[in-house]
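S.K.: Provided herewith is a single structure, encoded as structure tokens, for subsequent inquiry.
The values are calculated or read from the model by the stated rules, or taken from the named source; none is laboratory data. Everything quoted here is computed from the prediction, not taken from an experiment. Here Cβ is always computed from backbone atoms with ideal geometry, including for glycine, and neighbour counts include all displayed protein chains. The accessibility values were calculated without ligands, DNA or RNA, using every heavy atom of the protein model including side chains. Shrake-Rupley method; radii C 1.70, N 1.55, O 1.52, S 1.80 Å.
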Amino acid sequence: MLIQDSWWKGAVIYQLIPRSFADGNGDGIGDLQGLSSRLSYLRWLGVEAIWLTPIYPSPLRDGGYDITDFKSIHSELGDLAGFHRFLLVAHEHGLKVILDLVLNHTSDLHPWFQRARWAPKGSKERDVYVWSDDPTRYSEAPVLFRKFESSNWEWDEVAQQYYLHRFLKHQPDLNYENPWVQDQMLEVVEFWLGKGVDGFRLDAVPFLFESEGTRCEGLPATHRFLKKVRKRVDQSGRDILLLAEAIQPVKEAAPYLVENELHAAFNFALTAHLFSAIASGKCTNLRLCLEETKLAVPGGNWALPLRNHDELWLGDGYLVSQEVIEAIRSGLHQGHGHWLNWGINRRLAPLLNGDPRANRLLHALLYSLPGMPCLYYGDELGMGDWPGLRDRDPNRTPMAWTAARNGGFSSAPEPLLVLPAITSPGYDYRVVNVEVQKQLPRSLLNWHRRMLTCRRLLPALRHGDCEILESNHPSILVYSRSLGSMTVLIAANVSAAGASMRLDLSRWKGSRVREAIWGCEYPPADQDWFVYLASYGFSWWLIGEVENNDLSKVDD
Ligand code: GLC
Ligand code: CA
């Protein structure tokens with residue numbers, strides 16, 4: 001079946017931090033040159049797009065989300081000519097490139113902010129940011145980075161006023177009521193479109209506008225501005241992805257996904273539910289979240305992350321219920337003592353206590369649920385983290401490529417590395433790295449590659465309808481994905497104990513059933529079909545005969 005669709009529909013996105021991925025010039029800091037040399041790995045793995053965290057000039061007090069120039073490249077990463085070369089290589093490898101677009105704020109060192117604080121009160125220069133004489137304004141807007149800040153306002157000695165910052169105090173919020181600000185940011189979008197990028201991950205989108213008496217999230221004016229961004233993107237005539245980072249419940253993230261607004265949004269509520277399912281061994285709430293997601297935007301394109309460069313955001317009861325947060329708190333013991341702001345500051349593998357079965361299960365769900373699976377660099381290896389580093393740096397350490405010094409990330413002396421390479425027991429880069437895992441047929445890395453190959457061979461997983469099926473076992477989630485004559489049935493056991501159940505497959509009665517990943521034959525579909533799933537086990541079954549699909553072509 002030929003599917004003409006946007007490149008991003010169901011695309012597998014690989015998130016990486018350029019500074020931590022590969023160092024091309026030996027100064028200890030990852031860069032675009034190093035990244036270019038590693039693109040063949042990403043192609044081999046089978047991802048389709050890469051999302052780069054910010055690459056712009058920045059004092060790096062918030063991992064580059066504090067920008068001083070939106071239209072340039074941080075000198076440690078390269079320059080615009082280097083970006084052009086990198087993009088060409090990425091496209092040659094068939095990889096799409098998504099940039100982080102930070103609309104909400106700048107660094108306090110951005111020339112706009114420096115000009116604003118010195119400009120007279122009420123002047124158009126001052127008006128580029130949100131100022132007030134009264135720091136109790138917008139008091140219903142929660143402080144997001146509560147570990148670091150106690151207020152959303154900061155007094156500026158020069159300006160003799162308070163300025164708003166929804167994030168860190170050195171990240172003043174831009175004033176979107178000001179048309180000049182809107183024009184400037186639309187120009188930024190245009191600038192990078194002109195450079196040939198394939199999409200944007202829109203950072204912190206809910207917070208663009210403020211309104212008294214609200215949480216200042218997702219206000220109508222914010223949606224109106226995002227529609228302008230969409231219009232600008234559409235005018236380019238290119239197939240571009242606009243992906244929202246809105247850490248909001250499904251119902252509140254859904255309005256970004258309307259026809260003339262953004263193409264996709266992360267489903268952070270689903271992420272929390274996935275972890276809570278693993279933590280509690282029960283999938284009742286996960287199932288409800290999937291149903292809710294499906295109803296909220298029928299056919300909606302959600303991006304599905306497990307972990308990313310931030311803490312695993314759980315919130316204060318607004319994103320998911322306290323019950324879900326509590327299940328994670330009490331069930332994921334490796335999270336104890338690692339809470340930061342409103343979430344858990346650990347990478348996936350340590351959070352799962354190094355259990356590759358749970359890693360596989362969670363990714364098997366990501367790779368088979370409707371949406372765009374997002375893989376965070378290193379999670380395909382079960383890479384560890386470095387607790388104790390400042391802020392979210394524990395999750396941002398260098399990629400482990402080989403067993404050589406610095407994990408093959410850089411040839412620089414160790415103290416010069418952007419962050420230390422992981423050496424903790426069980427996660428040491430001499431063991432957990434790409435080169436070693438490539439050579440071990442049963443490694444987590446080869447498993448991910450195989451699963452991504454299968455996903456490509458099973459277009460129902462990418463484009464098919466999803467139906468959540470009845471399950472009478474609290475630990476087993478069952479759903480089907482169907483496209484044309486292809487149906488894939490998926491069952492997943494989120495508990496550490498084995499689980500069995502009877503499934504009613506009478507709608508497919510008599511059809512051939514094969515396990516889709518390894519090709520093993522099962523009894524034909526029946527009203528009383530028996531399933532056994534081992535601890536954290538899952539299965540993908542192909543139902544019926546399928547045209548143009550040769551699973552034997554999947555190699556290890
Ligand atoms: C987003 C980013 C996070 C950053 C924040 C402020 O949440 O993911 O890393 O600190 O925005 O830009
Ligand atoms: Ca470098």
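S.K.: What number of residues within the range 525-540 satisfy the criterion of being open to solvent by 20 Å² or more (accessible area, probe 1.4 Å) and not hydroxyl-bearing (Ser, Thr, Tyr)?
M.R.: 6
S.K.: Then there's this: Would you mind telling me which numbered condition in (1) small (Gly, Ala, Ser); (2) surrounded by fewer than 20 Cβ atoms within 10 Å (Cβ to Cβ); (3) in a helix (DSSP H, G or I) ALA460 fails?
M.R.: (2)
S.K.: Has the range 360-376 got any residue that is open to solvent by 10 Å² or more (accessible area, probe 1.4 Å) and either in contact with a Lys or Arg (Cβ under 7 Å, 6 or more places away or on another chain) or over 24 Å from ALA254 (Cβ atoms) (or both)?
M.R.: Yes; the residues of the range 360-376 include at least one that is open to solvent by 10 Å² or more (accessible area, probe 1.4 Å) and either in contact with a Lys or Arg (Cβ under 7 Å, 6 or more places away or on another chain) or over 24 Å from ALA254 (Cβ atoms) (or both).
S.K.: Of the residues LEU306, LEU375, LEU314, LEU351, which is over 15 Å from the mean Cα position of the chain (by Cα) and either on the phi < 0 side of the Ramachandran plot or not assigned by TED's automatic domain parsing to the domain that holds ASP428 (or both)?
M.R.: Only one candidate qualifies: LEU351.
S.K.: Something else: Which residue is farthest from HIS170 (Cα to Cα), if the candidates are limited to the range 56-72 and must be surrounded by 21 or more Cβ atoms within 10 Å (Cβ to Cβ) and within 16 Å of ligand 2 (Cβ to nearest atom)?
M.R.: Per the stated criteria, the residue is PRO57.
S.K.: Hey, another quick one. Among the numbered conditions (1) over 26 Å from GLY335 (Cβ atoms); (2) open to solvent by 10 Å² or more (accessible area, probe 1.4 Å); (3) not in a loop (DSSP other than H, G, I, E, B), tell me where TYR256 comes up short.
M.R.: It fails just one condition, (2).
S.K.: Quickly run through the range 142-172 and pick out the residues that are polar (S, T, N, Q), under 24 Å from SER58 (Cβ atoms) and either within 16 Å of ligand 2 (Cβ to nearest atom) or open to solvent by 30 Å² or more (accessible area, probe 1.4 Å) (or both).
M.R.: SER151
S.K.: Which condition number does PRO111 fail, the rest of (1) touching a residue at least 40 places away in the same chain (Cβ under 8 Å); (2) in contact with a Phe, Trp or Tyr (Cβ under 6 Å, 6 or more places away or on another chain) being met?
M.R.: Exception for PRO111: condition (2).
S.K.: Could you go through the range 268-281 and let me know if any residue there is without any contact (Cβ under 8 Å) to a residue 60 or more places away in the chain, of a type in the set (Phe, Trp, Tyr) and open to solvent by less than 10 Å² (accessible area, probe 1.4 Å).
M.R.: No - not one qualifying residue is present in the range 268-281.
S.K.: So ARG230 clears everything in (1) over 19 Å from TYR138 (Cα atoms); (2) away from ligand 1 (no atom under 15 Å from the Cβ); (3) crowded, with 22+ Cβ neighbours inside 10 Å except one condition, right? Which one?
M.R.: Of (1) over 19 Å from TYR138 (Cα atoms); (2) away from ligand 1 (no atom under 15 Å from the Cβ); (3) crowded, with 22+ Cβ neighbours inside 10 Å, only one is false for ARG230: (3).
S.K.: Let me ask something else. Could you give me the residue pairs with C-beta distances under 6 Å whose first residue belongs to the range 123-141 and is open to solvent by 50 Å² or more (accessible area, probe 1.4 Å), whose second residue is aliphatic (A, V, I, L, M) and assigned to a loop (DSSP other than H, G, I, E, B) wherever it lies, and which are 6+ apart or on separate chains?
M.R.: That search, which allows pairs on different chains as well, returns GLU125/ALA119.
S.K.: Identify the single condition in (1) closer than 27 Å to ARG502 by Cα; (2) open to solvent by 20 Å² or more (accessible area, probe 1.4 Å) that ILE476 does not satisfy, given that it satisfies every other one.
M.R.: Going through the list (1) closer than 27 Å to ARG502 by Cα; (2) open to solvent by 20 Å² or more (accessible area, probe 1.4 Å), ILE476 breaks only (2).
S.K.: Kindly check whether there is at least one residue in the range 87-107 that is assigned by TED's automatic domain parsing to the domain that holds GLY199, within 16 Å of ligand 2 (Cβ to nearest atom) and open to solvent by less than 30 Å² (accessible area, probe 1.4 Å).
M.R.: Within the range 87-107, not a single residue is assigned by TED's automatic domain parsing to the domain that holds GLY199, within 16 Å of ligand 2 (Cβ to nearest atom) and open to solvent by less than 30 Å² (accessible area, probe 1.4 Å).
S.K.: Filter the range 386-436 for residues that are closer than 19 Å to ALA349 by Cα, assigned to a helix (DSSP H, G or I) and open to solvent by less than 20 Å² (accessible area, probe 1.4 Å) and give the result.
M.R.: Listed by number, the residues that qualify are PRO394, ASN395, GLY407, VAL434.
S.K.: If the Cβ limit is 7 Å and pairs must be 6+ apart or interchain, which residue in the range 303-327 that is within 26 Å of GLY382 (Cβ to Cβ) pairs with which residue that is part of a loop (DSSP other than H, G, I, E, B) and hydroxyl-bearing (Ser, Thr, Tyr)?
M.R.: Sorted first by the residue in the range 303-327, then by its partner, the pairs are HIS309/THR53.
S.K.: Return the residue satisfying two criteria in turn: it lies in the range 204-244 and is part of a loop (DSSP other than H, G, I, E, B) and small (Gly, Ala, Ser), and of such residues it is nearest to LEU304 (Cα to Cα).
M.R.: It comes out as ALA204.
S.K.: Output the number of the condition that ASP379 fails; it satisfies all remaining conditions of (1) within 18 Å of ALA272 (Cβ to Cβ); (2) charged (D, E, K, R); (3) open to solvent by 10 Å² or more (accessible area, probe 1.4 Å); (4) touching a residue at least 60 places away in the same chain (Cβ under 8 Å).
M.R.: The number of the failed condition is (3).
S.K.: Scan the range 306-317 residue by residue and report those that are surrounded by fewer than 24 Cβ atoms within 10 Å (Cβ to Cβ) and assigned to a strand (DSSP E or B).
M.R.: TRP313
S.K.: Please work out which one of (1) assigned to a helix (DSSP H, G or I); (2) of a type outside the set (Gly, Ala, Ser); (3) within 20 Å of HIS309 (Cα to Cα) is the condition ILE247 fails and give its number.
M.R.: It is condition (1) that ILE247 fails.
S.K.: Here's something else I'd like to know. For the range 8-35, which residues satisfy the criterion of being away from ligand 2 (no atom under 11 Å from the Cβ) and open to solvent by 30 Å² or more (accessible area, probe 1.4 Å)?
M.R.: Once the filter is applied, which keeps residues that are away from ligand 2 (no atom under 11 Å from the Cβ) and open to solvent by 30 Å² or more (accessible area, probe 1.4 Å), the range 8-35 yields only LYS9.
S.K.: Being touching an Asp or Glu at 6+ places or on another chain (Cβ under 7 Å), open to solvent by less than 10 Å² (accessible area, probe 1.4 Å) and among the aliphatic types (A, V, I, L, M) narrows it down to one of LEU505, LEU489, so name that one.
M.R.: LEU505
S.K.: Need a quick list: strands (runs of 3 or more DSSP E) entirely within the range 471-536 having at least 2 residues that are farther than 26 Å from LEU288 by Cβ.
M.R.: Passing ranges, in order: 513-515.
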